[in-house]
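The values are calculated or read from the model by the stated rules, or taken from the named source; none is laboratory data. All values derive from a computational prediction rather than experimental measurement. Glycine gets a Cβ as well: all are built from the backbone with ideal geometry, and neighbour counts include every protein chain shown. For accessibility, only protein heavy atoms count, side chains too; no ligands or nucleic acids. Shrake-Rupley method; radii C 1.70, N 1.55, O 1.52, S 1.80 Å.
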Amino acid sequence: MQEYKGTFGENGRVIIPAPLRNFMKLKPGEEILFRYDNNSINILTMKQAVKEAQNIVMQYNKDSLSLTDSLKQSRQEESNDE
C-alpha cells in the first residue's frame, strides 16, 4: 500500500496528488465516486464502479443469461397484458 499526502481546501475541495491521478488515469472533469466505509474514503472512477456492479450482478447470473433480452421479453409481456 502506498500513501500520499493531499490537501483539503476551501468549499470541501480535495486535491488528489499527481501520482494517484496518473495511476488512476483521471482526466480533468471526470466523474469519480467517493465511498465511505470503516472511517476510510475510497475513490473509484465511474468505470471501476460500473465494473464492480457488473461483477455483483454476474454472481447471480450463473447461466450467463442476457439480462437485456430478459428485460425486453418481460416488458413485451407486460405490454401484451394491458
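Annotations
- Residue among VAL14, VAL50 that is free of Cβ contacts under 8 Å to residues at least 12 places away in the same chain and in contact with a Gly (Cβ under 9 Å, 6 or more places away or on another chain): VAL14
- Some residue of the stretch 11-18 being over 22 Å from the mean Cα position of the chain (by Cα), of a type outside the set (Gly, Ala, Ser) and either open to solvent by 100 Å² or more (accessible area, probe 1.4 Å) or modelled with pLDDT under 90 (or both): yes
- Scope the stretch 1-10; condition part of a loop (DSSP other than H, G, I, E, B) and open to solvent by 100 Å² or more (accessible area, probe 1.4 Å); matching residues: MET1, GLN2, GLU3, LYS5
- Residue list for the stretch 36-57, filter: open to solvent by 90 Å² or more (accessible area, probe 1.4 Å) and under 19 Å from the mean Cα position of the chain (by Cα): TYR36, ASN38, ILE41, LYS47, LYS51, GLN54, ILE56
- Note on the stretch 35-77: residues that are over 23 Å from ARG21 (Cα atoms) and outside any helix (DSSP H, G or I) amount to 8.
- If only residues of the stretch 19-35 that are exposed (fewer than 10 other Cβ atoms within 10 Å of the Cβ) and within 13 Å of the chain's Cα centre (by Cα) are counted, the one that is farthest from LEU67 (Cα to Cα) is PHE34.
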